[in-house]
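Q: Quick one: structure below, then a few questions.
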Amino acid sequence: MYKIPLFDLNYDKREESAIIETLRSKWISTGPKTQEFESKFAKAINAKFALGLANCTTSLHLALLAVNIKEGDEVICPSLTFVATVNAIKYVDAIPVFADIVSYDDLTIDPLDIERKITGKTKAIIVMHYGGFACDMDKILSIAGKYDLKVIEDASHGPLAEYNGQKLGTFGHVSCFSFFSNKNIGTGEGGMLVTNDESIYQHVKLLRSHGMTTLSYERSKGHSVEYDVVELGYNYRMDDIRATLGIVQLEKLGKDLQKRVEIRNNYIELLRDVENIILPFQNFRSFSSNYIMPVILRQSDSNNRKRVREKLAEYGIQTSVHYPAVHRFSIYTENSVTLPVTEYVSDNLISLPIYSTLTSENIILIIKKLKSCL
């Protein structure tokens, strides 16, 4: 066990009590709690529609289907992301086209490289708001409008985060959120698809549940006694147990994110003068969910990064890497692309511990040991 873990789940008796209440209701599949979570989540980010799903990967899959991405279409995406962002493109037999990130200071997808990668086959852009720090949505939406492209936001890292005062997940045609256990809202598994387009909402509502016109919960309440299957769909539903956890986690989220802001500011103040590292997003001004705390080693390589992480582990400090570059994975090497900024970051980034109960003493110890490793 690590003395200081990378992440600590923000659970207490509120989740326990809520789960017991749901179990005693004897409705645990998709039902009233899922509907409540969807409604509250949409309201929290000022969106019109939200649909609870099994996870964010299914959300990304349905998002691509909803905007009519087909076999042979090209979708521009980042490589510095979790592989699910890109895998979903292959689920619909489309072609991922990797774009580089802006810089060592801004780890989000580069609008200039997006435009360079556009061809006659390009149909969509997937952006990923890295760590809860927004992409340059003004430039990206301008490019999308110029070339008539759909925009999908992978907002897995960014519930309640903002870009120029507007919540992430409300810029594109459709957006996707993750509730994996180590996310800002953690339900074990789970995801949410958000859109302001009612036609997309209605389409995805069908697709997430076998293409059926009504759900079991609706029929159990007498709203319908029959159903039709009008489209080939999937079993991608969220259940009421996870939705129950999501409701409680959403209630806690504002306070949790404010604490993360304080923790990140503490890190930055203490790391600002360390010459051997770069602090991405140091001058970021919009509100961030601060899902992770990345630092990048200067004049380094993957072997040096490995050595530093191993030494920190010996001191009882858990770290991670967000992320191995997707275009280097065996399944994607056929795409044959060079992304110099992404590749350096992928080899030299270390994610330090960040969670709402991380103490100032913990942070001082982490930085002390990090400096000794450097």
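Q: Given H placed on each backbone N at 1.01 Å, which residues far from Thr122 in sequence or on other chains put an amide H within less than 5 Å of it?
A: Amide H to amide H, under 5 Å and 5 or more residues apart or across chains, Thr122 pairs with Glu74.
Q: Another question about this same structure. Quick check on the exposure proxy: order Lys183, Lys139, Lys146 from fewest to most C-beta atoms within 10 angstrom.
A: Ranking Lys183, Lys139, Lys146 by Cβ neighbours within 10 Å, fewest first, gives Lys146, Lys139, Lys183.
Q: Follow-up. For the stretch 13-249, report the convex hull volume of the alpha-carbon atoms normalised per residue, in Å³, without decimals.
A: Measuring per residue, one finds 115 Å³ for the Cα hull of the stretch 13-249.
Q: Something else about it: Set the Förster radius R0 to 41 Å, insert the Cβ-Cβ distance between Asn304 and Thr119 as r into 1/(1 + (r/R0)^6), and round the FRET efficiency to 0.05.
A: 0.60
Q: Based on other C-beta atoms within 10 Å, arrange Phe329, Phe179, Phe287, Phe41 from fewest to most.
A: Phe329, Phe287, Phe41, Phe179
Q: What FRET efficiency comes out for Asn164 versus Lys26 if R0 is 41 angstrom and r is the Cβ-Cβ distance? Round to the nearest 0.05.
A: Approximately 0.35, to the nearest 0.05.
Q: Let me ask you something else. With an 8 Å cut-off on Cα pairs and a minimum separation of 6 or more residues, tell me the relative contact order of the stretch 1-147 in percent.
A: Worked out over the stretch 1-147, it gives 17 percent.
Q: Then there's this: To make sure I understand, if each residue's beta carbon is the centre and we count other beta carbons within 10 Å, what order do Ser300, Ser289 fall in, fewest to most?
A: Listed from fewest to most nearby Cβ atoms, that is Ser300, Ser289.
Q: Starting from the Cα-Cα distance between Glu275 and Ser360, subtract it from 0.36 nm times their residue separation and give me the gain in nm to one decimal.
A: 28.4 nm
Q: Cβ under 11 Å from Tyr2's Cβ, Tyr2 left aside: what net charge do those residues give with Lys, Arg +1 and Asp, Glu -1?
A: -1
Q: Students often get this wrong, so check it: of Lys139/Lys371; Lys33/Lys255; Lys26/Lys255; Lys48/Lys255, which have C-alpha atoms separated by over 26 Å?
A: Long pairs (Cα-Cα over 26 Å): Lys139/Lys371; Lys26/Lys255.
Q: Continuing with the same structure: To the nearest 20 debye, what is the magnitude of the charge dipole of the stretch 13-249 about its Cα centre, counting +1 on the Cβ of each Lys and Arg and -1 on the Cβ of each Asp and Glu?
A: Roughly 640 debye for the stretch 13-249.
Q: When the Karplus curve 6.51 cos²θ - 1.76 cosθ + 1.60 is applied with θ = phi - 60°, which whole-Hz ³J(HN,Hα) does each residue of the stretch 54-60 get, with x for Gly and Pro?
A: Calculated HN-Hα couplings, in order: 4, 6, 6, 4, 5, 4, 5 Hz.
Q: Let me ask something else about it. Which one, Thr58, Ile89, Cys77, is farthest towards the positive end of the dipole of the chain when Lys and Arg carry +1 and Asp and Glu -1 on their Cβ?
A: Farthest towards the positive end: Thr58.
Q: Collect residues whose amide H, placed 1.01 Å from N in the peptide plane, falls under 5 Å from the amide H of Tyr291; neighbours closer than 5 in sequence don't count.
A: When sequence neighbours closer than 5 places are left aside, the close amide H contacts are Gly132.
Q: Note the per residue figure in Å³ for the convex hull of the C-alpha positions in the stretch 253-373.
A: 132
Q: Further question: Return the distance in nm (one decimal) between the two label points of a simple spin-label model at Asp105 and Lys368, each offset 7 Å from Cα along Cα→Cβ.
A: With each label point 7 Å from Cα toward Cβ, the separation is 3.2 nm.
Q: I would also like to ask the following. Distance from the Cα centre of the stretch 1-75 to that of the stretch 289-314, in angstrom?
A: 31
Q: Note the full-extension length gain between Val83 and Val225 as 0.36 nm times their separation in residues minus their Cα-Cα distance, in nm to one decimal.
A: 47.0 nm
Q: Per the Cauchy relation, a quarter of the hull surface: what is the mean projected area of the convex hull of the alpha carbons in the stretch 111-243, in nm²?
A: 10.0
Q: While we're looking at this one, here's another question. Tell me the GluC sites (Glu not before Pro) within the stretch 316-364 that lie in a loop according to DSSP and have at most 12 other beta-carbon atoms within 10 Å.
A: Numbers: sites: Glu334, Glu343, Glu361; in loops: none.
In loop regions of the stretch 316-364 (DSSP not H, G, I, E or B), there are no sparsely surrounded GluC sites (Glu not before Pro).
Q: Between Arg285 and Asn46, take the C-beta separation as r, use R0 = 30 Å, and let me know the FRET efficiency to the nearest 0.05.
A: Plugging the Cβ-Cβ distance into 1/(1 + (r/R0)^6) gives 0.95.
Q: Name the residues whose placed amide hydrogens come within less than 5 Å of the amide hydrogen of Arg237, ignoring near sequence neighbours (fewer than 5 apart) on the same chain.
A: Long-range HN contacts for Arg237: Ala54.
Q: Shifting gears a bit: Taking every DSSP beta bridge with both residues inside the stretch 13-249, roughly what % is antiparallel (nearest 5)?
A: If we restrict to bridges inside the stretch 13-249, about 50 percent are antiparallel.
Q: Using DSSP to define loop residues, name the GluC sites (Glu not before Pro) in the stretch 1-41 whose beta-carbon has at most 14 other beta-carbon atoms within 10 Å.
A: In loop regions of the stretch 1-41 (DSSP not H, G, I, E or B), there are no sparsely surrounded GluC sites (Glu not before Pro).
Each reported figure results from applying straightforward, stated rules to the coordinates on display, with no laboratory input. None of these values were measured; they are calculated from a predicted model. Cβ sites come from the backbone with ideal geometry, for glycine too, and all protein chains shown count toward neighbours.
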